[in-house]
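Where a number appears in this text, it was derived from the coordinates with a stated rule and is not lab data. Nothing here was measured: the structure is a model prediction, and the numbers come from that model. Methodologically, a virtual Cβ is constructed for each residue, glycine included, from the backbone with ideal geometry; neighbour enumeration extends over all protein chains shown.
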Amino acid sequence: MWSPEKYVEALQFAADRHAGQKLPGSERPYLVHLTSVAAEVMRGIALDPVADPDLAVVCALLHDVVEDTGTAAAEVAARFGDAVARGVAALSKDPGLPKGEQLDDSLRRIRECPREVWVVKLADRINNLEEPPHYWTAEKRRSYQEEARRIHAALAEAHELLGARLGERIERYGKFVGV
């Protein structure tokens, strides 16, 4: 079972770092996304446990903190440990790479991490496959669905339940792209 204390510590850190950020195309605070991903992870690992539930839950809450807030991975390591920092770094796109290479690079790094980190990426994309922002073009929506298929192909084996949920979400997302 995950630690409520670690959950709250990570949640507070994420809330401070993402303060003022909104979900794309919404007035909701970005924290809604992070807690939704954590809820997906918590449900998944309650039904199919992982070796280190705290790693999964804390990474779920912090998965965007390096990529979206300018927080250094070293700060994450100092506060939450090296395993969390490595997981968060793997879940973050490398802005130094061309955009077309970033997902494959991140998936490669995630696959080098424990199963708990794979679970976070599955949960993240499950959560992101809701109705897209109104300003996304049809091409952007198709591209996002294709990215989800690549994530599914690379990581679904890590967790049967979350892999199946992602597969279902990918298909359901077709209504937003005309598939």
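To the nearest 0.05, what FRET efficiency results for LYS140 and ASP94 with a Förster distance of 25 Å applied to their C-beta separation? The formula returns an efficiency of 0.75 here. Available extension along the chain between GLU101 and GLU67 is 10.7 nm, counting 0.36 nm per residue and deducting the alpha carbon span. For the range 4-176, relative contact order (Cα pairs under 8 Å, six or more residues apart, normalised by length) works out to 21 percent.
Here the chain has an Rg and Dmax of 15.4, 46 Å, counting Cα atoms alone. Work the Kirkwood hydrodynamic radius out for the range 90-132: mean of 1/r over every pair of different alpha-carbon atoms, inverted, in Å. Averaging 1/r across every pair of different Cα atoms and inverting gives 11.1 Å.
If packing is taken as the average count of other Cβ atoms within 10 Å, what order do 39-46, 126-133 fall into, highest mean first? Intermediate results must be reported in sequence, preceding the final value.
Values: 39-46: 19.9, 126-133: 17.0.
With the highest mean Cβ count within 10 Å placed first, the list reads 39-46, 126-133.
Under 5 Å between amide hydrogens, built in the peptide plane, is the criterion, and for VAL50 it picks out nothing among residues at least 5 positions away or on other chains. Taking ALA78, ALA123, ALA164 in turn, the Gaussian network model of the chain (Cα-Cα springs below 10 Å) assigns the largest fluctuation to ALA78. Any chance you could give the angle, 0 to 90 degrees and rounded to 10, that helix 31-47 forms with the longest Cα principal axis of the chain? For 31-47 against the chain, the angle is about 80 degrees.
Annotation: amide H-H contacts under 5 Å for LYS22 (H modelled 1.01 Å from N, sequence separation of 5 or more, or interchain): TYR30. Here the extension length gained between ALA19 and ARG149 equals 43.7 nm, from 0.36 nm per residue of separation less the Cα-Cα distance. The label-point distance for SER3 and ARG108, in a model that sets each label 7 Å from Cα toward Cβ, rounds to 3.4 nm. Over all other residues within a Cβ to Cβ distance under 14 Å of PRO132, the charged ones net out to +2, with Lys and Arg as +1 and Asp and Glu as -1. Rounded to the nearest 20, the size of the Cβ-charge dipole of the range 4-176 about its Cα centre is 460 debye, with Lys and Arg at +1 and Asp and Glu at -1. Look at the dipole of the chain built from charges on Cβ: of PRO98, ALA39, LEU61, the Cα furthest out on the positive end belongs to PRO98.
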